[in-house]
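The structure under discussion appears below in the form of structure tokens.
The values are calculated or read from the model by the stated rules, or taken from the named source; none is laboratory data. Being a predicted model, the structure only gives us computed values, none of them experimental. Here the Cβ is made from the backbone with ideal geometry for all residues, glycine too, and neighbour counts use every protein chain on show. Ligands, DNA and RNA are excluded from the accessible area calculation, which covers all protein heavy atoms including side chains. Shrake-Rupley method; radii C 1.70, N 1.55, O 1.52, S 1.80 Å.
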Amino acid sequence: MPANGLTVVDLTHAYGTEPVLRRVSLTVGSGTSAALMGPSGCGKTTLLLAAAGILVPEAGRVLVAGETVPAGSADSRAAFRRSRVGLVFQFGELIAELTLEQNVALAAELGGVRRRQALHDAREVLVRVGLSAVRGHKPGTVSGGQAQRAAIARAIVHRPELVLADEPTGALDSANGDAVLDLLLELVAERGATLLVVTHDERVARRCDRRIVMSDGRIVDG
Ligand SMILES: Nc1ncnc2c1ncn2[C@@H]1O[C@H](COP(=O)(O)OP(=O)(O)OP(=O)(O)O)[C@@H](O)[C@H]1O
Ligand SMILES: [Mg+2]
């Protein structure tokens, strides 16, 4: 079980001269979920990108399960991310040329699992998200809700300690949105993962353990 979840310390970032994160600090413990809320442009996605090691912040640091997210080469950051972090965005962004199963298996392989095991893990997680019947379909031939569930499967197949989700239910109707959130919260409950989910949806926020509210690059509540 991961011990420490997500810790962000004094994270500071600007795009050009425009400050976007102003010494943001927060902790989300393992086995817990937090909704990240706040007006458009306040820095939520930027915070997620920094937590994932995609963006290197100007100052401050991020720890996942007690380990500092590397600030070095893109390769070292990608390796860290692939093994420890699961990312889900509003529009799943699956690879169009690959089947759902291949999309998920690829993520497992990138996380360090051998191909045969990756395929096995992909099938298992696709059953879990209710997609075994369409596992051989390409993303363009399934519904939006199915594609988003496949994106969740892809994000969790390597059992990440931290799941970062940016409006994962934003493009879905309420039934599909509920199903996607169910999956993410199950991961937290069963595996002790940490979930930070950006949302504008009060229904999503209510189901998380707590909410963190940002405004103009700062945490103002939570
Ligand atoms: N790549 C970029 N280059 C320059 N400015 C950027 C870039 N990405 C974001 N910004 C700016 O940084 C600020 C924060 O953006 P961010 O995407 O983190 O906001 P957000 O809270 O996720 O908003 P939304 O709810 O609309 O998704 C905004 O003013 C935005 O215009
Ligand atoms: Mg955003």
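Quick notes on this structure:
- Enumerated helices (runs of 4 or more DSSP H) restricted to region 33-122, each holding at least 3 residues that are within 16 Å of ligand 2 (Cβ to nearest atom) and either open to solvent by less than 60 Å² (accessible area, probe 1.4 Å) or at pLDDT 95 or above (or both): 44-51
- Looking across region 123-147, the residues that are basic (K, R) and either in contact (Cβ under 8 Å) with a residue 24 or more places away in the chain or not in a helix (DSSP H, G or I) (or both) come down to R128, R135, K138.
- Residue within region 189-205 that is touching a Lys or Arg at 6+ places or on another chain (Cβ under 8 Å) and either open to solvent by 10 Å² or more (accessible area, probe 1.4 Å) or in a strand (DSSP E or B) (or both) present: yes
- Applying the set (1) touching a helix residue (DSSP H, G or I) at 6+ places or on another chain (Cβ under 7 Å); (2) within 16 Å of ligand 2 (Cβ to nearest atom); (3) within 25 Å of L187 (Cα to Cα) to L21 leaves exactly one unmet item: (3).
- Within region 188-222, being within 14 Å of ligand 2 (Cβ to nearest atom) and within 15 Å of the chain's Cα centre (by Cα) holds for L196, V197, V198, T199.
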